[in-house]
1. Add -39500 (n - 2.57) for each DSSP H run of 4 or more in the chain, then divide by its residues: what number comes out at 222 nm, to the nearest 500 deg cm²/dmol?
2. Compute the length gained on full extension between Ala386 and Leu52: take 0.36 nm times their separation in residues and subtract their Cα-Cα distance, giving the result in nm to one decimal.
3. How big is the charge dipole of the chain about its Cα centre, in debye rounded to the nearest 20, if each Lys and Arg gets +1 on its Cβ and each Asp and Glu gets -1 on its Cβ?
4. Each residue of segment 18-23 in turn: what ³J(HN,Hα) in whole Hz from Karplus with 6.51, -1.76, 1.60 and θ = phi - 60°, glycine and Pro shown as x?
5. Using 1/(1 + (r/R0)^6) with R0 = 35 angstrom and r between the beta carbons of Ile277 and His30, what's the FRET efficiency to the nearest 0.05?
6. 7 Å from Cα along Cα→Cβ at both Ala253 and Ala9: what's the point-to-point distance in nm?
7. With the cut-off at 24 Å, tell me which of the pairs Lys24/Lys84; Lys341/Lys414; Lys342/Lys414; Lys24/Lys197 have Cα atoms farther apart than that.
8. Calculate, for Ala235 and Val268, the FRET efficiency according to 1/(1 + (r/R0)^6) with r their C-beta to C-beta distance and R0 41 Å; round to the nearest 0.05.
Amino acid sequence: MLLALLCAASMWFYVRHVLVPYQKADSAVHGRPRGNLSDLYPRWLGARELLLHHRDPYGPEVTREIQAGYYGRPLEPGRADDPKDQQGFAYPVHVVFLLAPTIGLPFPVVQTGFRWLLVILTLASVFLWLRVLRWRPGIAVTAILIVLTIGSYPAMQGIMLQQLTLVVSALLAGCAAALIGGNFALAGFLLALATIKPQLALPVAGWLVLWAASDWRGRRGFLLSFGITAAILLAASEYVLPGWIGRFRDAIAAYRQYTGGAGSLLDVLTTPVMGKIIATILVLAVAVTGWRLRRVSHQSDAFSVMLALVLAVTLVIVPTFAPYNQVLLLPAVFLIAAGWKKLWSRDRLTRMVCGFAFLVVFWPWLISCGLMLASMLLTSDVVQKAWTLPLYTSLGIPPVVLCLLTVFAVDRLKDKSVVG
């Protein structure tokens, strides 16, 4: 527990006293604007303008108003050092319904409240995934998992940026827990809400729709709840902004253009061509596995393993690789942690992979601890020059977790009693 607290404290130190001061100093040198830098702000302002003033949140006028708050001023194309991300309203319209209760409040109040909400949701996600995976560790281990989760760079980044990914992660965890508990209607409702980030929610939705359709009589409650909720959200979105789907598609295309055609994590780690080949293989493998497991009980271990596998694969194939998305790896990491002894004793190759994965996952904490200790001897300017070190393994975490999870899943699913 003391080591977990040290890791969390060192990550807090890194973010607050190394990363953020470096970013501020670098922005000052290059004249880059810094406003509230809240990922919630573009969605909040877009929701306010649409619902209160009936303005198109995807339009250029609202985008410039978003930039004025997010960056402190509208971006100027002629300034080479200005950020490339235009911070447009690149979300489905139905996100405004989740934010509707906040649009009458000052944004600083919303920002503070939302930070605490994300902390609560992240804590809740830990307990929900433990329930889904049927892992009941002792109080000490549970406390360690909570501290390491909140003290991880992905969670800390998501909380500081007020990223809606943490909301989606909690909604998916709630959906999975509701399914495990047999509350199919609630699960379908939560899954439909999670589609505010379709790139993260739709792969899980695809597997769950296949699973539910394979037993219509027993699982129709989930399908009906998901379908009706999604239909209501789409219809309400069309009512408040007719033709929004085309605008949303254009916003996504614009986002990919001004971010340099962002590819998947696999594209970055390999090449765009090789990344797409590997992604296709992974999708086919998961599809085949999902087809085989489409009839498993919602209370089976195979069902939980499949959910973790879909989320892990989603993270390496979607066209974005921000660290805060890695909160979706929680079920995979928990499964690996619960089965660590078996994985370690499996064979020599697996032990090597385990050791490498341990180093990759814990690297940010190890280096953050080193930077915290170095700050006692060195000046802040010197320590801040090492701001990239804790992030060196960030891109490697999803692939190594997926690799170990695949080994775990293969062993687990060999047991026919688990599959049945």
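Where a number appears in this text, it was derived from the coordinates with a stated rule and is not lab data. Quantities reported herein were computed from a predicted structural model and do not represent experimental measurements. In this analysis, Cβ positions are derived from the backbone assuming ideal geometry, glycine residues included, and neighbour counts consider all displayed protein chains.
1. Numbers: 22 runs with 295 residues, N = 420.
The per-residue figure over the chain is -22500 deg cm²/dmol.
2. Working: separation 334, 0.36 × 334 = 120.24 nm, distance 4.58 nm.
Working it through step by step, the gained length comes to 115.7 nm.
3. Details: 35 positive and 19 negative charges, 232 e Å.
The calculation lands at about 1120 debye.
4. 10, 5, 5, x, 5, 4
5. On the way: r = 38 Å, r/R0 = 1.08.
The calculated FRET efficiency here is 0.40.
6. Label at Ala253, label at Ala9, 5.3 nm between them.
7. Details: Lys24/Lys84 17 Å; Lys341/Lys414 18 Å; Lys342/Lys414 14 Å; Lys24/Lys197 29 Å.
Over 24 Å apart, Cα to Cα: Lys24/Lys197.
8. On the way: r = 38 Å, r/R0 = 0.92.
Step by step, r from the Cβ atoms, then E = 0.60.
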